[in-house]
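The values are calculated or read from the model by the stated rules, or taken from the named source; none is laboratory data. These numbers come from a predicted model, not from an experiment. All Cβ positions, even for glycine, are placed from backbone atoms using ideal geometry, and neighbour counts span all protein chains on display. For accessibility, only protein heavy atoms count, side chains too; no ligands or nucleic acids. Shrake-Rupley method; radii C 1.70, N 1.55, O 1.52, S 1.80 Å.
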Amino acid sequence: MRLALFDLDNTLLGGDSDHAWGDYLCERGILDPVAYKQRNDAFYQDYLNGTLDMQAYLAFSMEILAASEPVQLEQWHREFMRDCIEPIILPRAEALLRQHREAGDQLVIITATNRFVTAPIARRLGVRVLLATECEAQDGRYTGRSTDIPCFREGKVTRLNRWMLENGFDLEDSYFYSDSLNDVPLLEVVANPVAVDPDPRLRAEAERRGWPVVSLRA
């Protein structure tokens, strides 16, 4: 079975779910709307620039998970899905998923954003396999720490290779769709790399390498 791999933020979604989660918490006064938002925005800019300190960002962004009861987190996330995620789900992205599903491909969302934020989004999109940055939990609560290899840059390749070994897949005739220069390590190893509404540096890289460039937003 052929693999069809999809980045999530700014690829299948018309925005960034991780950054939007922080904005949601600030807008509702759950987190400091000035200090937290400034740091959240700065980390996001580092991500766009390809200079993100992933461990520092995870420590920052997962602190709220440890500070909150699971039931409260679930309620917030339901509201977040309704108010912030549903409006940025792209019809063309859903059509692309449907196209690969109907072709008999194995769909996988592979994202640097943590599983707490992204698991409900993957379910909403009908994608059962999600490779994401993992959140550590003990005794039914999040610890505020990540676990395993972050699913980011070269870590995406490492996590995917392990998953393929465990599940009997390979990259023959595989596809990977992404918007971000951070995903070049994975784009380089699939059979069919596709730049989706790419950031300027990925667009330049795609043009240099002859990778297809498509839009799911127009």
Here is a list: Arg141, Arg78, Arg98. Which entry is charged (D, E, K, R) and either closer than 11 Å to Leu8 by Cα or in contact with a helix residue (DSSP H, G or I) (Cβ under 7 Å, 6 or more places away or on another chain) (or both)?
Arg141
Residues that are open to solvent by less than 40 Å² (accessible area, probe 1.4 Å) and part of a helix (DSSP H, G or I), drawn from the range 191-202:
Leu202
Log entry, pairs with first residue in the range 186-203 being touching a residue at least 60 places away in the same chain (Cβ under 8 Å), second being part of a strand (DSSP E or B) and not hydroxyl-bearing (Ser, Thr, Tyr), beta carbons closer than 7 Å, six or more apart or on different chains, reads Leu186/Phe176; Val190/Leu5; Val190/Phe176; Val196/Val214
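Got a sec? Which of Ala103, Ala93 is touching a residue at least 40 places away in the same chain (Cβ under 8 Å), farther than 23 Å from Arg141 by Cα and surrounded by fewer than 13 Cβ atoms within 10 Å (Cβ to Cβ)?
Exactly one of Ala103, Ala93 is touching a residue at least 40 places away in the same chain (Cβ under 8 Å), farther than 23 Å from Arg141 by Cα and surrounded by fewer than 13 Cβ atoms within 10 Å (Cβ to Cβ), namely Ala103.
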Those residues of the range 164-190 that are open to solvent by 60 Å² or more (accessible area, probe 1.4 Å) and in a loop (DSSP other than H, G, I, E, B) come to a total of 6
List pairs: first residue in the range 36-49 and closer than 14 Å to Tyr24 by Cα, second residue part of a helix (DSSP H, G or I) and of a type outside the set (S, T, N, Q) anywhere in the structure, Cβ distance under 6 angstrom, at least six positions apart or on different chains.
Tyr36/Cys26; Lys37/Cys26; Asn40/Gly22
Taking the range 62-77 as the search range and keeping residues that are closer than 20 Å to Ala122 by Cα and in contact (Cβ under 8 Å) with a residue 24 or more places away in the chain, which one is surrounded by the fewest Cβ atoms within 10 Å (Cβ to Cβ)?
Pro70
Given Glu94, Glu79, Glu134, which one is among the acidic types (Asp, Glu), assigned to a helix (DSSP H, G or I), at negative phi and within 17 Å of the chain's Cα centre (by Cα)?
Glu94
